[in-house]
Amino acid sequence: MLDLSRLNPEQREAVTTTEGPVLVVAGPGSGKTAVIAAHVAFLIDQGLAQPSEILAVTFTNKAGRELKRRLASVLGESAQEIWAGTFHAFALRLLRQRSGHFGFEPDHLSVYGDEEDRKAALNQALTDLGLDPKGQPRRAFLDAISRAKDRLLWPEDVGETDPELAGIYAAYQEALRRRNALDFDDFLLFTVRLMEENEEVADQLRETYRHVLVDEYQDVNLAQHRLLVLLTAEDRNLFAVGDPLQNLFSWRGSDIRYLLDFQRDFPEARIIALEQNYRSTQVILAVANGLSAALRYGQGNLWTANPPGIPVIVWPAEDQQAEAGFVVAEVQRLLADHVVESAADCAVLYRTNAQARDFEVACLEAGLPYGVRGNSDFLARREVRDLLAYLRLIHNPLDVAALGRVVNTPPRRLATIEKRIRDGAEVTLPALERDFPCGLKGDRSRQALRDFLDTVGTLAAMAARSSPALVVAAVLEMTGYEAWLRSQEDGEKRLENLAAMHGLAERSDADGLADFLDEISLATDVDTGAIADGLALSTIHAAKGLEWPVVFVTGLEDGLLPHVRALEGLGNGGGPVEEELRILYVAVTRAIDRLYLTYARRRSVQGHSMAGAPSRFLTHVPADLVAGRAA
């Protein structure tokens, strides 16, 4: 029998409400992950669902893994039957099986997950339309296509208002189809249409997943919301958890109205609020409640049985270097006084990635270990992209972008073919085999092409029966890439990155190369980047869902937080500035015991020192909770 005695009354109500739509409004630190896990366990314990009938959707891979870990501690091995992961991971898994509905070859599908691959497909589309890609606003076109897909708009829908974009969008989709590829935004677009057009698939999914849970509901966009509505159309068993005060991603398409209007979409819904906080001191929560009181909706009323705690420290610094120096010195003092055991118990949070540099310099000068979150470019590194291109080409011989990247990398006298692809030629592995020697002049170039085709063919055959780690090792050796890197000036450092990729493959639970490529395409820096055991430096967005005993929220100046772009849009109902206030609310609620709020009176911007005003948001911090100096 499942023990629910440690839950508070509101948590217990959420856990034991098992039929129909439920919205759990969960404040920071209110135990929402524990509630989701207990709800799943209760469904299974009461015989109301089998593990395989439960779909738990999260917004990050990390959150999905944490939920599975908690479920495993309660349910044991049966937790493996529960599907827990992101919207995009769920959609991609489905499309791996069902993309044939749209004319793709599901067994060899490629994912174009970064801008370089998408730009290659767009270049092909523009060439097909008789346009010179170099003379076109390619970034703007890709952004517009991405926004259309988030709104579930297809080329024919866009054509009603923007015929030029519709033509480019249609040609772009055709270029992807010829390459047997989908881009990241296609996952939900195609999944929603698949369910709308194929009633058999829709019924099968609803029958399979009789209970759907979704975390961070305040961050869903139109496509995600539509997918949830389709999945729960029959049983209506949607268990949604969210907090309107933690909506930070409107710039990414999220729409808080789906949480605010939950009862419009699900009139029979039960709404349960979790307001008891188990994380922070009452002082920190009072600061958070002061911030939320300035918002038009979702005003927080967080409370805790924890001790009151010490006052919040607001610290003005002369400039950003002095701000960074104060933070590092204060961390060192807390360590010396044994207030914290490790620098890793402390975090520095900021609005923009550019602010990290001053803190990195201060840490280096003081010899304080640190790690940067939310700013990793591991998967964008050249050698990592080269390796992934080889793996994609092995998996999908129609992947033109992958072929163009590796056909002459390392150099193998095939620059002519590389240039043809770069100039827009639709060259694929099957075409090279069919048209061999493909116009190449000289025996050495022809032999190089023959060797390349034979190597890729051997690797493809190996991939069908080997683990991803073995395939990665074989690619590096058989293509000559590893030996070539060793001859480069920066080769050893780049080989370290490839060793890290091999480590990811060894630790992966992927069932074959396709699954591993999907894991990587869905990965973030949190999944691939190693964080040092030291002071955490993080954007506030990347810190969401995390906590530290000591938190420094820095750069609290008008123009940084709230950001200048939000201030420029202030006349638009205050919406952008309100989101900035929610960003600060999230930052404050990451703190467990001690909270510091800092700002600089002068800050260097693009080489010019400028006077700054303290953030207007500081006026919402109750004065009686503030200490003016470190204590």
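The values are calculated or read from the model by the stated rules, or taken from the named source; none is laboratory data. For clarity, every value in this text was computed on a predicted model and none was experimentally measured. With ideal geometry, Cβ positions are generated from the backbone for all residues, glycine too; neighbour counts draw on all protein chains shown. Quick note on the areas: whole protein, heavy atoms, side chains included, nothing else; ligands and nucleic acids left out. Shrake-Rupley method; radii C 1.70, N 1.55, O 1.52, S 1.80 Å.
The table for this structure:
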| item | result |
| --- | --- |
| Hey, residue 159 farther than 25 Å from residue 420 by Cα, surrounded by fewer than 17 Cβ atoms within 10 Å (Cβ to Cβ) and not aromatic (Phe, Trp, Tyr) or not | yes |
| Test: residue 370 is touching a strand residue (DSSP E or B) at 6+ places or on another chain (Cβ under 7 Å), among the hydroxyl-bearing types (Ser, Thr, Tyr) and touching a residue at least 12 places away in the same chain (Cβ under 8 Å) | yes |
| Residues (open to solvent by less than 50 Å² (accessible area, probe 1.4 Å), within 19 Å of residue 354 (Cα to Cα) and modelled with pLDDT under 90) located in region 497-540 | 525, 529 |
| Per-region count, region 444-470, residues more than 14 Å from residue 414 (Cβ to Cβ) and assigned to a helix (DSSP H, G or I) | 10 |
| Single condition residue 416 does not satisfy, out of (1) more than 26 Å from residue 497 (Cα to Cα); (2) open to solvent by less than 10 Å² (accessible area, probe 1.4 Å) | (2) |
| Selection within region 3-21 - surrounded by fewer than 14 Cβ atoms within 10 Å (Cβ to Cβ) and either within 14 Å of residue 40 (Cα to Cα) or touching a Pro at 6+ places or on another chain (Cβ under 9 Å) (or both) | 3, 19 |
| Residue, farthest from residue 382 (Cα to Cα), within region 458-507, restricted to residues that are acidic (Asp, Glu) and in contact (Cβ under 8 Å) with a residue 12 or more places away in the chain | 506 |
| Among the candidates 147, 118, 139, residue that is under 28 Å from residue 514 (Cα atoms), modelled with pLDDT of 90 or more and open to solvent by 60 Å² or more (accessible area, probe 1.4 Å) | 147 |
| Close pairs (7 angstrom Cβ cut-off, 6 or more residues apart or separate chains): within 17 Å of residue 124 (Cβ to Cβ) in region 428-441, open to solvent by less than 20 Å² (accessible area, probe 1.4 Å) and of a type in the set (Val, Ile, Thr) anywhere | 428/400; 429/456 |
